[in-house]
Structure formats: structure tokens, C-alpha cells
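What follows is a single structure, written as C-alpha cells, with notes after it.
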Amino acid sequence: MGERVSHIACCVDGSEAAKLALDYAVRLRDQLGADQLDIIHIVPPAVYFGVYYPPEPTTPPDTPDWLIALGEHTPHCNVVMIDSFSNFPPAAAIRWADEKHVDLIVAASHQGAFRRMAVGSFAGYLAYHASCPVLLIPPEMHPDAR
């Protein structure tokens, strides 16, 4: 691991756990002297139960206010919304990270056991499928959880 980390991406979803992950990503950026920090939000695809509807071209959704606020309160970063359209959201994040040559992905690991069983784990998928290192921040690391 002698290579320099110059591009960090932090996946966020508006939760408190994701804000904690972003705090860690900012600290890492500053400690490692990384050139770029991107705050990534994956827009999930529309889900239709029982009937397949081919995806229709859509205009990108408006950036949510919470995501704009994160960007405004995080100096020297880029806010990126990725519309996963008809794709599996964590796969869309990995594809984007590969295209942008991300050196490190930071994400929160905060879903309960039932949700992980029912729909899978975004963070777990990143950990097992990303082509760069992934740092997962558990909710227990939040100062209020201690």
C-alpha cells in the first residue's frame, strides 16, 4: 500500500450514520492529503412489484436539500448524485468509482439484520465487490452511541 490516496468517495443516504462516515472521510482527506473528496448519493431505481416495466428515460431528480446542505458544510468537496436508474444501487456506485479512479470508498454500515436479509446490504456489497479499499463506519463509532 505504498500508493498515495488522492481520491476519496463517501457514500451518503441522509442518515446520521452517513454523516458520521462523511466526518471520517473528511478527516482522512485532511490527514492523507488527498486531492479530492466526493460526496456520493445513489438515487435508487423505481421498484415495481409483480410486473416488469422497462425503464423509461427520466430527467435527473432534483438534488435533495439535505445533500445540498452536506456539500455546503463540507469544505473542498464535490457533491455527486448518481441515478442508478434500473441498476442495483451499490453496483452503480462501484461502476462510478471505477470510472473516476477512486482510491478509497467510505460508507456507513448501519442497517438492521432484517433489512440486510430482505434487501441486502449496500455497505456489504461495496466491501466485497469494489476494486479499491472500502472503509465501513459502524454506528457504534458515533460519540453519542458510547
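In table form, for the structure just shown:
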{"item": "Set 89, 75, 55: member being modelled with pLDDT of 85 or more and exposed (fewer than 14 other Cβ atoms within 10 Å of the Cβ)", "result": "75"}
{"item": "Tally of residues being aliphatic (A, V, I, L, M) and either under 11 Å from residue 70 (Cα atoms) or touching a Pro at 6+ places or on another chain (Cβ under 6 Å) (or both) across the range 5-22", "result": "4"}
{"item": "Test: residue 13 is farther than 19 Å from residue 90 by Cβ and charged (D, E, K, R)", "result": "no"}
{"item": "Count of residues meeting criterion [among the small types (Gly, Ala, Ser) and within 11 Å of residue 130 (Cβ to Cβ)] in the range 83-107", "result": "4"}
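The values are calculated or read from the model by the stated rules, or taken from the named source; none is laboratory data. All of these numbers come straight from a predicted model, not from anything done at the bench. Using ideal geometry, Cβ is built from the backbone for each residue, glycine included, and neighbour counts are taken over all protein chains shown.
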